[in-house]
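The values are calculated or read from the model by the stated rules, or taken from the named source; none is laboratory data. Given the structure is predicted, the values throughout are model-derived calculations rather than measurements. Cβ placement follows ideal geometry from the backbone for every residue including glycine, while neighbour counts extend to all protein chains displayed.
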Amino acid sequence: MKLLQLLPVGNVDQGLLRDLCPALEQTFRVPCKVLELRLDPEFALHGERQQYHSSQILQRMQSHVSHETWRMLGVAAVDLYIPILTFVFGEAQMRGPTAVMSAHRLRQEFYGLASDKELLRERLLKEAIHELGHTLTLTHCDDYNCAMAPSHAVEWIDLKGSGLCKSCHAAALRTGRPIENVSR
């Protein structure tokens, strides 16, 4: 049986990963497992920026994909970037098995605010569904309630839902993967 595998990238709170699994299982209708393996992201550190190149992390994740993998989602605690952007919340391989996202800028503490675990869980779920949606060939959506809506700031993540709109749901179904269409 194929699995949605969550790969810790750096020192990620294991409880957050375990909390993600049930909602991702419900959304993608595939069993979810937190991998015991941990990927050390130091190879992707850009010293001058003090950020980690998400494309390099995606490339390294490929070596951990196995016959059991339906999709592998790396969840990082470090700040991610790609060279043309200041930062990214995540990155995915279109039609590929891997995606990566970061909790770094999803935490209230990053913005000088008090910790809010529930808000962090909501943001992680929305970003996870968004990045995994890209692996299913879904592109950014104009419906700002859809999880596939682009998020250029954390406030945009807060505004959107964690479900897919009818159009994205239909597109995901064309990939052969049944996905729940319930906005949370």
Discussion item. I'm trying to understand the selection: among the residues of the stretch 17-35, which are part of a loop (DSSP other than H, G, I, E, B) and either farther than 18 Å from S102 by Cα or touching a Cys at 6+ places or on another chain (Cβ under 6 Å) (or both)?
Written reply: R29, V30, P31
Practice prompt. Please find, within the stretch 103-132, the residue that is surrounded by the fewest Cβ atoms within 10 Å (Cβ to Cβ) out of those that are in contact with a helix residue (DSSP H, G or I) (Cβ under 7 Å, 6 or more places away or on another chain) and within 14 Å of L164 (Cα to Cα).
Written response: L125
Discussion item. Pairs please, first residue from the stretch 47-62 and basic (K, R), second anywhere and surrounded by fewer than 14 Cβ atoms within 10 Å (Cβ to Cβ), Cβ atoms under 7 Å, 6+ apart in sequence or on different chains.
Written reply: R60/F43
Discussion item. Take V100 and tell me if it is assigned to a loop (DSSP other than H, G, I, E, B), touching a residue at least 12 places away in the same chain (Cβ under 8 Å) and surrounded by 15 or more Cβ atoms within 10 Å (Cβ to Cβ).
Written reply: no
Item to complete: Give the number of residues within the stretch 141-153 that are more than 14 Å from the chain's Cα centre (by Cα) and either within 16 Å of A92 (Cα to Cα) or part of a helix (DSSP H, G or I) (or both).
Response: 2
Worksheet item: Which residue, of G163, G133, G176, is modelled with pLDDT of 90 or more and within 16 Å of R95 (Cβ to Cβ)?
Response: G133
